Amino acid sequence: MSISAQFFLNEPVYWEQNIKIYAPLVKEVIGNPKYNEYANLLTICQEDIWDMIVKDKDLQMGTAIPDAPTPFEYLLVNCYNNPQIMKDAEEAFDFFTHEKVKIIPSTRIIIFTDGIDKIKDAKDIRNIQEENYFNFQNKLREVLGEEKKEPPKLNENPKVAYIKAKARYREKLKKKKGNKNSISLGTMLTALCCSGIGLNPLNIGEITFPAMNEIFKVFQQKEKYETDLRVATAGFGNKKVKPKYWINPN
């Protein structure tokens, strides 16, 4: 998927109640060892929670658990039981919204505290609750350059649910072990600094992390197109090579 112009140019996206969500800068991702933890804390989905319960109870992969906690409940319970997770979760909201929040598990609410002393009516306090947390997560996924999630399906065909669960499992293993053919972040940054588009070690940290990924992807597409074009138009060009234009209409 491609990212929006807002995230590409480091402009925040407005969510409900005039809450802004910011795409992290490259230097913020590299400079914060908790970045992945922050992202995972706030984007865990219902299927991830089902998978954990299924594994713990040794059930069939893809089994939906009707009484499982929702992502919002899962966050609140973990914050209630673990002060460190509470601290990390509040830091995560601050990291992505640039605002302080207070997570209150007992009343099942997360409130934004910046400027709260000037609010006269309690109904005007900006907050996140169960009802809007799914939308918040999807907006954050969009900011991070990830695919949005569909609402979980309790009554999905068991075969389809099993296939999806297997795919999630393989993806998690892939991330855990690392792809031997994947390009490291350091190599990606170096390549972009050598791409001739004005990025260098002094300024590349100021672009957003999703923008960096998108630029690198398009850079690779352009390079492949130019290579295929040379092969296809050479005197003894390979007719099987059909250059695909590097700018995709999406």
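Being in contact with a helix residue (DSSP H, G or I) (Cβ under 8 Å, 6 or more places away or on another chain), farther than 21 Å from residue 207 by Cα and of a type in the set (S, T, N, Q) is the filter; apply it to the range 31-65 and report the residue that is surrounded by the fewest Cβ atoms within 10 Å (Cβ to Cβ).
Only one residue tops the list, namely 60.
For the range 1-30, which residues satisfy the criterion of being part of a helix (DSSP H, G or I) and either touching a helix residue (DSSP H, G or I) at 6+ places or on another chain (Cβ under 8 Å) or hydroxyl-bearing (Ser, Thr, Tyr) (or both)?
7, 8, 16, 26, 27, 28, 29, 30
Out of the residues in the range 1-23 meeting the condition of being crowded, with 17+ Cβ neighbours inside 10 Å and at pLDDT 85 or above, tell me which one is nearest to residue 111 (Cα to Cα).
Among them, the one singled out is 19.
Under 6 Å between Cβ atoms, at least 6 apart or on separate chains: pull out the pairs that start in the range 204-228 with a residue that is of a type in the set (Val, Ile, Thr) and end on any residue that is open to solvent by less than 50 Å² (accessible area, probe 1.4 Å) and at pLDDT below 90.
Once the first residue is of a type in the set (Val, Ile, Thr) and sits in the range 204-228, its partners that are open to solvent by less than 50 Å² (accessible area, probe 1.4 Å) and at pLDDT below 90 give 208/7.
Within the range 76-109, can you find the residues that are within 20 Å of residue 28 (Cα to Cα) and charged (D, E, K, R)? Spell out the reasoning first.
Start the filter on the range 76-109 by keeping residues that are within 20 Å of residue 28 (Cα to Cα), which leaves 87-101.
Answer for the range 76-109, where residues must be within 20 Å of residue 28 (Cα to Cα) and charged (D, E, K, R): 87, 88, 90, 91, 94, 99, 100.
Taking interchain pairs and intrachain pairs at least six residues apart, which have beta carbon atoms under 6 angstrom, with the first residue in the range 51-76 and on the phi > 0 side of the Ramachandran plot and the second open to solvent by less than 30 Å² (accessible area, probe 1.4 Å) and in a helix (DSSP H, G or I)?
Cβ pairs passing all conditions: 62/161; 62/165.
Select from the range 95-114 the residues that are closer than 15 Å to residue 17 by Cα and touching a residue at least 40 places away in the same chain (Cβ under 8 Å) and write down the one among them that is most open to solvent (accessible area, probe 1.4 Å).
Here the answer is 98.
Output the residues belonging to the range 13-27 that are touching a strand residue (DSSP E or B) at 6+ places or on another chain (Cβ under 9 Å) and in contact (Cβ under 8 Å) with a residue 60 or more places away in the chain.
The initial filter retains those residues of the range 13-27 that are touching a strand residue (DSSP E or B) at 6+ places or on another chain (Cβ under 9 Å), namely 13-17, 19-26.
Across the range 13-27, the qualifying residues are 13, 15, 16, 17, 19, 20, 21, 22, 23, 24, 25, 26.
Could you list, in sequence order, all residues of the range 209-236 that are open to solvent by 70 Å² or more (accessible area, probe 1.4 Å) and of a type in the set (Ser, Thr, Tyr)?
233
The values are calculated or read from the model by the stated rules, or taken from the named source; none is laboratory data. Owing to the predicted nature of the structure, the values given are computational and were not obtained by experimental measurement. Methodologically, a virtual Cβ is constructed for each residue, glycine included, from the backbone with ideal geometry; neighbour enumeration extends over all protein chains shown. The area values use the complete protein model at the heavy-atom level, side chains included, leaving out ligands, DNA and RNA. Shrake-Rupley method; radii C 1.70, N 1.55, O 1.52, S 1.80 Å.
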